[in-house]
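Report on the structure given below.
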Amino acid sequence: MFRNVLDSNVKVFRLFCVLAFLPLFVILALSILLFMYDALQIFHKPILRDTTFSTDMRVQDAGIIKHYDFDSILLGSSMLKNTLNSQANDILGGKWVNLSMGASLFAERSIVLKYALTHKNIKHIIYSVDGTYIPHYDVNTNNFDFLYTSSDEIKKLRIYFNKKFITCAITWSKDTNCVGEKHSLDGVNTWIDDSKNKFYLLYGGIQNWYKYIGVIKSHGLRQDLIKISKGIEPFIMPKVDFAKLDSINMDLRFVSADIRGGGGNTL
């Protein structure tokens with residue numbers, strides 16, 4: 001009887017050990033897998049897959065700075081993102097890389113800049129000065145700043161501890177949603193040639209806004225354009241109510257009348 005009780009206690013103890021340590025084994029296994037997969041190249045260049053880059057530069061810049069060769073950087077907002085590394089190389093000389101982040105405040109850029117200056121011998125910097133982002137705004141950078149400020153490599157793994165990256169790593173996915181769609185650092189963060197959103201069709205003159213109204217509608221840009229038109233109308237012709245005019249130069253008519261629904265081909 002005593003032996004039976006002892007055997008029973010041993011089984012309970014073994015079960016307890018398994019249940020207690022199983023989560024640790026799972027976390028360890030996941031950590032190793034996520035480290036090897038390393039979708040953003042934070043720890044190393046790609047293994048068993050093509051080299052690709054995410055267009056979310058707030059998290060992608062860390063890997064680019066750490067693992068790729070350059071001596072000069074472009075760092076700004078979306079206004080600077082379409083400048084190619086090769087263009088800067090040809091015009092200015094040196095070996096450039098574009099680390100610009102869309103809608104980035106100066107506080108966000110400073111995190112990336114400090115990291116770059118620490119890890120590379122930077123010779124030249126082109127830094128965009130955007131009036132919108134010059135004032136100091138409070139911004140929460142907790143979702144990416146640890147990739148640049150922490151010396152603890154294990155802590156950096158937490159960028160991957162979410163459903164998206166765990167699923168990607170388990171399947172070793174090469175999908176663009178997992179590892180990014182850009183295959184070259186030259187133009188890694190450009191948006192002007194985005195075949196999905198087609199914003200580039202709106203550039204080249206205001207006549208393209210009228211021509212590609214479908215793009216504006218599909219992305220809900222109408223309200224943004226109304227806001228812009230209200231802002232510029234007082235400076236164009238302060239005493240004219242454009243919305244009431246039936247015939248006017250197409251460019252001005254589009255800005256003020258068609259955007260508000262006053263023209264024949266409205267947004």
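The values are calculated or read from the model by the stated rules, or taken from the named source; none is laboratory data. If you're wondering where the values come from, they're calculated on a predicted model, not measured in any experiment. Cβ: placed from backbone, ideal geometry, glycine included. Neighbour counts: every protein chain shown.
Give the number of residues within region 91-132 that are closer than 23 Å to Ser54 by Cβ, part of a helix (DSSP H, G or I) and over 17 Å from the mean Cα position of the chain (by Cα). Adding up the residues that qualify gives 6. Take Lys164 and decide whether it is part of a helix (DSSP H, G or I) and under 19 Å from the mean Cα position of the chain (by Cα). Spelling it out, Lys164 is indeed part of a helix (DSSP H, G or I) and under 19 Å from the mean Cα position of the chain (by Cα).
Screening Lys182 on (1) in contact with a strand residue (DSSP E or B) (Cβ under 8 Å, 6 or more places away or on another chain); (2) over 15 Å from Ile64 (Cα atoms); (3) not hydrophobic (A, V, I, L, M, F, W, C) shows it passes everything except condition (2). Among the residues making up region 96-120, those that are surrounded by fewer than 17 Cβ atoms within 10 Å (Cβ to Cβ) and closer than 29 Å to Tyr203 by Cα are Gly102, Ala103. Taken over region 59-97, the criterion of being under 15 Å from Trp191 (Cβ atoms) and either polar (S, T, N, Q) or at pLDDT 95 or above (or both) is satisfied by Gln60, Leu74, Ser77, Ser78, Asn82, Thr83.
If you check Thr83 against the conditions, is it among the polar types (S, T, N, Q) and out of contact with any Ser or Thr (no Cβ under 9 Å at 6 or more places or on another chain)? Judged against the criteria, Thr83 is not a match.
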